[in-house]
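Derivation of every value follows stated rules applied to the coordinates shown; laboratory data play no part. Predicted, not measured: the structure shown is a model, and the values here were computed from it. Counting neighbours? That spans all protein chains shown, and the Cβs are built from the backbone with ideal geometry, glycine included.
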Amino acid sequence: MSVVSANPLRTGIDADRTGDACAIVIFGASGDLTKRKLMPALYNLALSRVLPGSFAVVGVARREKSHDQFRADMKEGVATFSRRKPIDGTMWSEFEKGISYVAGEFGATKTYEDLRAHLEALDKERGTRGNRLFYLAVPPAEFGPILQGLKSAGVVADNDEPWTRVVVEKPFGHDLPSAKGLNDMIAAAFSERQVFRIDHYLGKETVQNLLVFRFANSLFEPLWNREHVDHVQITVAEEIGVEGRGKFYEQTGVTKDIVENHLMQLLCLTAMEPPISLSADAVRDEKVKVLRSLRPMERRAVADGVVRGQYARGFVRADEVPGYREEPDVAAASRVETYVAMKMHIDNWRWGGVPFYVRAGKRLARRVTEIAVTFKKVPHTLFHSSDGGITPNVLAVRVQPDEGIALRFISKEPGQHTILRDVAMDFRYGSSFGSNTPEAYERLLLDAMRGDATLFTRRDEVEEQWSWMDHVFDAWSASGNAPPPLYDSGSWGPDAAEDMLARDGRRWRKP
Ligand code: BG6
């Protein structure tokens, strides 16, 4: 069957950004991620005219389901979770023609034989040209059987044309040995250039803008070092709790869920040297150097520079919410942390002596992710203000929500007296560019279709991240893994986190 030419997926396409013709095979197609993120992202790529006209999405999961049933499930997901609503009927009816479903056990040879035959048929029907993007939206325990099944069925080949790639979701291991084990397992089926490890924070517009902000402006980079920076604070605060994922959280905790991946990536992009180019390896080489420069956390450093916490009952935006231990599937005496704050040091020429304070937590006062660079105080005070004097300049990159960049500096209040005030210069994405920016998964899926791995984590990066974190976990177990102090839901975390900064004569920002 030839490809229909009046396909709206083919009209007005942005040829410079379009992904290659391909079939995207999603393992874990009945899971939440597919419905909430992946399918809405693909549909929005179609709306943005960057999805290749010749494309197909194949859902693979255990449950028997017809193609039509799967399409209906996906439509419901897109209608609920797409950033652009309501669903565009003409676009959807063309888009859904590319959606199909294969049922099968991940451990059964037959699943992969069925899949291979189905993909070959799609090459003819949809013009997908033998290119395949396998998306593992499944827990790591399923990686082995899937990778083995794909390899044995002969659907993986390390060619430029047609290509085969694999996208891997987090959690990518739970410590260094398990991450290495997963990497070895993947490496047995795919070469590193075929592997796309997702950290969805890298797909966020503001996170990508960090590179542009730092390296396309001459104003800030000369100040971006130990001569001028007093310290850096990185915050990933959420209002939500564990949202029905008590079982997952009991094995994970916020340090493995957020700090080991998202927060470490934010730290790398903030602290890295200018890459020699924007090629995937040049960028990732610089991030790896930051990770290798992180001062290993000795046990004493963990005692002084790491604070854990667990949310207790409280109020978030006037709603009373239960404590972590009252959540479903959470042990009544759980010692899992839902908040962590750490003081990190990057022992290199640029950052020697500049602490990076990072924190992440659930059920905090506000949902906010930001990177705040606090500059050093002026060397001499000329002005004496009745209002607290001269506070240091702060440059805050708001990753979400209200995406933007704010620079705080000191100004004179109008009037006869010299009264100093801290004021802000504010750039907001919403007012400068309009508010409907692409979701992280749109960018990442399209990059994977185009074979651009810049915004994906490389094997050595992931292993360096775990290698550093494992020192912290070792120190916690060596100290008997004491129960974390409780903090009220809706607060900014445990008092001990404030004390940690107070010992250094600093305070956490209240973004
Ligand atoms: C996920 C974590 O990786 O990131 C979740 O597993 C967390 O616990 C989520 O809520 C936060 O992502 P975002 O994009 O909402 O900041």
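Summary of computed values
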{"read-out": "Mean Cα-pair separation over length for the chain, i.e. relative contact order, pairs under 8 Å, 6 or more apart, %", "value": "17 percent"}
{"read-out": "Rg over Rh [alpha-carbon atoms, Kirkwood Rh] for the stretch 114-260", "value": "1.07"}
{"read-out": "Extent along principal axes [Cα atoms of the stretch 434-491; Å; largest to smallest]", "value": "48, 35, 13"}
{"read-out": "Share antiparallel - DSSP beta bridges, the chain, percent rounded to 5", "value": "55 percent"}
{"read-out": "Highest to lowest packing among 133-145, 240-252, scored as the average C-beta count within 10 Å", "value": "133-145, 240-252"}
{"read-out": "Length-normalised contact order for the stretch 331-477 - Cα pairs under 8 Å, 6+ apart - percent", "value": "12 percent"}
{"read-out": "Whichever lysines have a C-alpha closer than 30 Å to that of Lys110, once near sequence neighbours (fewer than 8 apart) are set aside", "value": "Lys35, Lys37, Lys65, Lys75, Lys97, Lys124, Lys151, Lys170, Lys180"}
{"read-out": "Over the stretch 394-440, equivalent-ellipsoid semi-axes from the Cα gyration tensor in Å", "value": "31, 11, 5"}
{"read-out": "Bins of 10 Å from zero: percent of alpha-carbon pairs in the stretch 200-289", "value": "13, 41, 29, 14, 3"}
{"read-out": "Largest-first principal axis extents of the Cα set of the chain (Å)", "value": "80, 53, 46"}
{"read-out": "For the stretch 207-351: span of alpha carbons on each principal axis (Å, largest first)", "value": "51, 34, 29"}
{"read-out": "Mean projection area, nm², convex hull over Cα of the stretch 356-431", "value": "7.0 nm²"}
{"read-out": "Alpha-carbon Rg/Rh ratio, for the stretch 49-168, with Rh computed the Kirkwood way", "value": "0.97"}
